[in-house]
Structure formats: C-alpha cells, structure tokens
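Everything on this sheet refers to the single structure shown next.
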Amino acid sequence: MESMALVANNLWKVYGDRTVVENVNFTLNPGEVLGLLGPNGAGKTTTLGMLYGGVIPSRGHVQLGSWNVLTQGRQARYQMGIVTQEDNLDQDFTVIENLIYFAHHYRLVGKKALHRAGEVLAQVGLQDYAKYKPDELSGGLKRRLVLARAIINHPKVVFLDEPTTGLDPDARQEFWKLVSQLKQNNCGILLTTHYMDEAQRLCDRLLLLQEGQVINEGTPQELILQIIGKEVVEIEGVNEAIIQQLAKETNSWYRAFGNNYLLTLPLDNPNLVWEKIVATQPTNLTRRRANLEDVFLRLTGNVLNN
Ligand SMILES: Nc1ncnc2c1ncn2[C@@H]1O[C@H](COP(=O)(O)OP(=O)(O)OP(=O)(O)O)[C@@H](O)[C@H]1O
C-alpha cells in the first residue's frame, strides 16, 4: 500500500466565544496508531472531525499526503476511512447491500463493488452474515460492519471515534485484532477512546487533550514512566479525611471506591512515608505496575482530589 502521512497544523476550533480546540499539531505516520485521549468534552471528536473534513477549523489546516483536507476534501476523503460514534447503517439494506451501496461513493459499481464488498466482509469475519439486516447483528458485529464499510476504498488513514464503546470484552478484542491488521497493512490510524487498556494495547503514541489543548504526548510507556514511574501503591481506607490528607501531602490522587476510598501513590514518591500509610489504617494495600489509567487520572484531575 502506498504510504501517506496525515499532518495537523495549528488546528483551532472556536464556537462563539468558546475555544474548544487550541493549537493542535502532530503528524500521523503510515502504519502508526495515534490515540487521542482526554476526559469528556476535551475536544477529541472535534479534532477528529477537523482531521477528516467533517468540521471546518477556525484556524490551521490538515494535510493528507499531497491533499489539503479543507480545500481538496473530495480527493483527500478518497484516501480515508471514517468510523464515527454512530453506526449510521442503512437498516433497510442487508449487510452486503450496505457495503455495495457505500462502494458507489468510490466509483466501484457492478461486479467490482460486489467483489470488494465480499473482500472486506471476509476481512472483518462477517462473510456468514451477508444477508442479515444490520439490526439483526450484535453490537460487536455491527461495529465490524462499520469498519468494513470504512475500509472499502483501501484507505491510507482510518479514523476511529470510540469504536468499541459498549462492546463486551470478546467483541473488543476481536475489533482490536482488525485494527492491528490495518496497521500491519501500513494504514495510519487515529483513535479516540475512553478505555485506557485499549489505548495502551493499540496505540504507538498518545496525545492527551484537556480543554482543547494537548497537555502531554508520547508512547504509552513513556507517559507512564515520566508521569507516574514504574509502580504505584493503592491504599484503601474508610476515613476520607485521612486519605485526603495523605493525597495532599504526597501530591497523589484518590477516588471513592464502593464505601471506601482508594488512594493511588506512585512508589518512587519522595514524600512516601510508610508510617503515614499505616496511619490511614488501610483496609487493603496493593503494590502494582503503573498503567495508563493512573496517567489519565493524575493529569486530568478527574478525581476527588484536594
Ligand atoms: N457544534 C458545536 N457547537 C458548540 N459547541 C460544540 C459543538 N460541538 C462540540 N462542542 C463543544 O466542544 C467541546 C468539545 O466537544 P467534543 O465532542 O469534541 O469533546 P470530546 O472530547 O469528544 O468529548 P466526549 O469524550 O464526551 O465525546 C464540548 O464542550 C462540546 O460541548
């Protein structure tokens, strides 16, 4: 597959007097999976929309290979596959008809459209469902159909906006395999997700967005080591005031956990004093490897903290 980089250059989006995306810059290379992470409302979907041409930037531009996405949108979209949060499948058509109909957008008609529809169905493992209606498919199979539709034009870049939300663990893993196959075929993939395990597993690189700005970027492992360290201690306790005090003193974070409170403390913390941990009278103590969820919680402050 011919390779093509996607370049976001100084992207801004302003609605009225609200700036929802501010000066986003990056390059997505062929065969790379780039994750956009951030809390609700951080600007992930808006950024994705500007990248594929669904949202007009207030400032900046997006380049896909030699195409400017804003001014040469039609040519650029020929090289893209888009999986939005909504399925928007045609419920009156069967699975194969949905694909054939979509192939027409790329001037694939007749036998060529049928052939390509069969290929992508096999690629996503839906060949036995060709004559089903979308509503007869499970959530996981529907998502696979949406992906099949998105890759019917052999895209160089695929946009996946929260592609596995609502899927059970098996269906998510099946979807991840398909994403890995696209990556192996040198496709660049831009992914938004709220699942940190998904981001850690699939993404080569991450951009962390908060209030429209990129607050950090790197590989999952780089971000974990840089922001948290190798390991954390989790301290579960019933007394919120004591847990909160320790969180403040150690610049760590805690959240409600059932009827208890769970404080997460990086292990290489200079303020880590075991006597203070013992003083919290923990109901449970766990030492574990740091992960991306720790990074997310620490950076976004999306917790009951301070
Ligand atoms: N058409 C619009 N008009 C006005 N404000 C908008 C519009 N679209 C998005 N916004 C606002 O922009 C901000 C970013 O929204 P966006 O959907 O990009 O966030 P997100 O990170 O994708 O959130 P989520 O994780 O909930 O999907 C939000 O505050 C949202 O309300």
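The simple Förster model, with R0 at 51 Å and r as the Cβ-Cβ distance, assigns Leu272 and His61 a FRET efficiency of 0.60.
With a threshold of 20 Å on the Cα-Cα distance, the over-threshold entries among Lys44/Lys142; Lys142/Lys177; Lys177/Lys230; Lys44/Lys248; Lys248/Lys276 are Lys44/Lys142; Lys177/Lys230; Lys44/Lys248. For the chain, a crude dipole built from +1 on the beta carbon of Lys and Arg and -1 on the beta carbon of Asp and Glu, taken about the Cα centre, is about 900 debye to the nearest 20.
Answer rounded, prolate or oblate for the range 72-113, using the Cα gyration tensor with square roots of eigenvalues a ≥ b ≥ c: rounded when a/c is under 1.5, else prolate when a/b is larger than b/c, else oblate. Because a/c hits 1.5 or more and a/b fails to exceed b/c, the range 72-113 counts as oblate. At full extension, Asn284 and Arg255 could sit 9.0 nm farther apart than now, given 0.36 nm per residue minus the alpha carbon distance.
Over 24 Å, how big is the tail of the calculated P(r) for the range 164-306, in percent of all Cα pairs? List each step's numbers first, then the result.
Working: 4137 of 10153 pairs.
Here the tail beyond 24 Å accounts for 41 percent of pairs.
Equivalent ellipsoid of the range 230-289: semi-axes from √(5λ) of the C-alpha gyration tensor, largest first, are 16, 12, 10 Å.
Evaluate E = 1/(1 + (r/R0)^6) for Lys248 and Thr27, where r is the Cβ-Cβ distance and R0 equals 30 Å; express this FRET efficiency to the nearest 0.05. Step by step, r from the Cβ atoms, then E = 0.15. Potential lengthening of the chain between Gln226 and Trp176 amounts to 15.4 nm, from the contour at 0.36 nm per residue minus the alpha-carbon distance.
Given a Förster distance of 35 Å, report the FRET efficiency between His154 and Arg201 from their Cβ-Cβ distance, rounded to the nearest 0.05. Mind dumping the intermediate values first?
Working: r = 25 Å, r/R0 = 0.72.
Working from the Cβ atoms, E equals 0.90.
Of the peptides 53-60, 16-23, the order by per-residue mean of other Cβ atoms within 10 Å, starting with the highest, comes out as 53-60, 16-23. Pairs of alpha carbons in the chain separated by more than 37 Å make up 26% of all such pairs.
Full extension of the chain between Asn185 and Asp135 gives 15.0 nm of extra length, using 0.36 nm per residue less the Cα-Cα distance.
Under 5 Å from the amide H of Val55 lie the amide H atoms of Met50, each residue being 5 or more positions distant or on a separate chain, with H modelled from the backbone and absent for Pro and chain starts. In order along the range 37-48, phi translates into HN-Hα couplings of 10, x, x, 3, x, 6, x, 5, 5, 5, 4, 4 Hz, rounded to whole numbers, per the Karplus curve 6.51 cos²θ - 1.76 cosθ + 1.60 with θ = phi - 60° and x for Gly and Pro. Label separation (Thr94 vs Ala241): 6.9 nm, computed from points 7 Å beyond Cα along the C-beta direction. Each Lys and Arg Cβ is given +1 and each Asp and Glu Cβ -1; about its Cα centre, the range 167-306 then shows a dipole of about 160 debye. Taking Cα atoms only, the orientation of helix 169-184 departs from the longest principal axis of the chain by about 60 degrees.
Over the range 194-306, what percent of the accessible surface lies on carbon and sulfur atoms, probe 1.4 Å? Please report the intermediate quantities before stating the final value.
Numbers: 2660 of 5850 Å².
Answer for the range 194-306: carbon and sulfur cover 46 percent of the accessible area.
Within the listed set Asp294, Asp197, Asp168, the residue fluctuating most in the Gaussian network model of the chain (springs between alpha-carbon atoms under 10 angstrom) is Asp168.
Looking at the range 109-167, which trypsin sites (Lys or Arg not before Pro) are in a loop (DSSP not H, G, I, E or B) and have at most 13 other Cβ atoms within 10 Å? Please report the intermediate quantities before stating the final value.
On the way: sites: Lys111, Lys112, Arg116, Lys131, Lys142, Arg143, Arg144, Arg149, Lys156; in loops: Lys131, Lys156.
In loop regions of the range 109-167 (DSSP not H, G, I, E or B), the sparsely surrounded trypsin sites (Lys or Arg not before Pro) are Lys131.
The values are calculated or read from the model by the stated rules, or taken from the named source; none is laboratory data. Here the structure is a predicted model, which means the values were calculated and not measured. Reconstructed Cβ throughout: ideal geometry from the backbone, glycine too, with neighbour counts over all protein chains shown. Please note that ligands, DNA and RNA were not included when accessible areas were found on the heavy atoms of the full protein model with its side chains. Shrake-Rupley method; radii C 1.70, N 1.55, O 1.52, S 1.80 Å.
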